[in-house]
Amino acid sequence: TSAWATTLAFSLEGRALAAGTVNATVEVYDTRTGELRAVLGGPGVQVAQVRYLPVGWRSSVLPAGYAVVSLGANNGLHFWDVALQAYLGPLDPGPSPAHSFDVSPRAPAERQWLAAAAGSVVKVWALPDLLSAAPAFNAVPPALELAQPAPITSLALSADGRWLAVGNTSGTIVV
């Protein structure tokens with residue numbers, strides 16, 4: 001990469017690798033050739049985490065294709081279109097800063113979720129609702145908010161969208 005990679009994510013079929021960097025970009029590489037396909041620049045914050053969204057979604061703004069969502073050092077989520085090499089906009093999970101997120105990449109449309117942890121709350125959005133609102137991501141309310149007894153340290157969604165696991169500072173994992 002052109003800078004230190006802070007996070008990595010493979011596309012669902014494994015043909016691309018997204019690298020979030022300290023230079024506030026997401027670099028996308030072809031895994032077969034190693035060629036740099038795209039450099040996604042946007043809000044100007046170091047990328048702390050990156051995930052691919054499910055392939056084939058559509059919205060009024062975007063064609064079917066690849067997108068990634070990243071968590072920036074400013075604790076906001078950021079959406080990118082890989083094919084257009086375009087920054088689509090932010091999602092502010094507030095009021096506390098987000099520090100972890102995940103998506104359910106292999107789920108059927110009715111179970112495609114994006115979950116973000118901020119403080120002691122997990123907010124879960126339906127991905128089809130978010131993507132159809134692009135670039136007005138903040139206009140979409142979460143489908144679910146789950147309060148935890150202690151600050152959240154990590155979370156994971158199952159690939160099929162059926163399960164959410166949340167770890168917190170009390171040493172508890174809630175599924």
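The values are calculated or read from the model by the stated rules, or taken from the named source; none is laboratory data. This is a predicted model, so every value here is computed, not measured. FYI the Cβ positions are ideal-geometry reconstructions off the backbone, even for glycines, and counts take in every protein chain you see. Just so you know, the surface numbers come from the protein's heavy atoms only, side chains and all, with ligands and any DNA or RNA stripped out. Shrake-Rupley method; radii C 1.70, N 1.55, O 1.52, S 1.80 Å.
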Close pairs (6 angstrom Cβ cut-off, 6 or more residues apart or separate chains): closer than 19 Å to S158 by Cα in the range 93-117, at pLDDT 85 or above and hydroxyl-bearing (S, T, Y) anywhere: S100/S154; Q112/S104; W113/S104; A117/S100
Pair list, Cβ < 9 Å and 6+ apart or interchain, from the range 16-30 residues that are closer than 11 Å to R51 by Cα to residues that are in a loop (DSSP other than H, G, I, E, B) and open to solvent by less than 10 Å² (accessible area, probe 1.4 Å): L17/S11; A18/S11
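Name the residues in the range 6-25 that are hydrophobic (A, V, I, L, M, F, W, C) and more than 19 Å from D102 (Cβ to Cβ), would you?
Correct list: V22, A24.
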Filter pass, E145 being modelled with pLDDT of 90 or more, open to solvent by 60 Å² or more (accessible area, probe 1.4 Å) and out of contact with any Cys (no Cβ under 6 Å at 6 or more places or on another chain): yes
Flag if A48 is in contact (Cβ under 8 Å) with a residue 40 or more places away in the chain, more than 18 Å from G76 (Cα to Cα) and not in a loop (DSSP other than H, G, I, E, B): no
Candidate set from the range 1-21 (those that are open to solvent by 50 Å² or more (accessible area, probe 1.4 Å) and part of a loop (DSSP other than H, G, I, E, B)); member that is modelled with the lowest pLDDT: T1
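Pick from P141, P128, P135: which is in contact (Cβ under 8 Å) with a residue 40 or more places away in the chain and more than 30 Å from V22 (Cβ to Cβ)?
On inspection, the qualifying residue turns out to be P128.
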Identity of the residue in the range 44-59, within 29 Å of S158 (Cβ to Cβ) and not hydrophobic (A, V, I, L, M, F, W, C), that ends up modelled with the lowest pLDDT: S59
Of residues in the range 104-114 being under 11 Å from the mean Cα position of the chain (by Cα) and more than 17 Å from N138 (Cα to Cα), the one surrounded by the fewest Cβ atoms within 10 Å (Cβ to Cβ): P105
Single unsatisfied condition, V82 versus (1) within 21 Å of W163 (Cα to Cα); (2) in contact (Cβ under 8 Å) with a residue 40 or more places away in the chain; (3) of a type outside the set (F, W, Y): (1)
Residue that is modelled with the lowest pLDDT [pool: residues in the range 65-95 that are outside any strand (DSSP E or B) and crowded, with 19+ Cβ neighbours inside 10 Å]: Y66
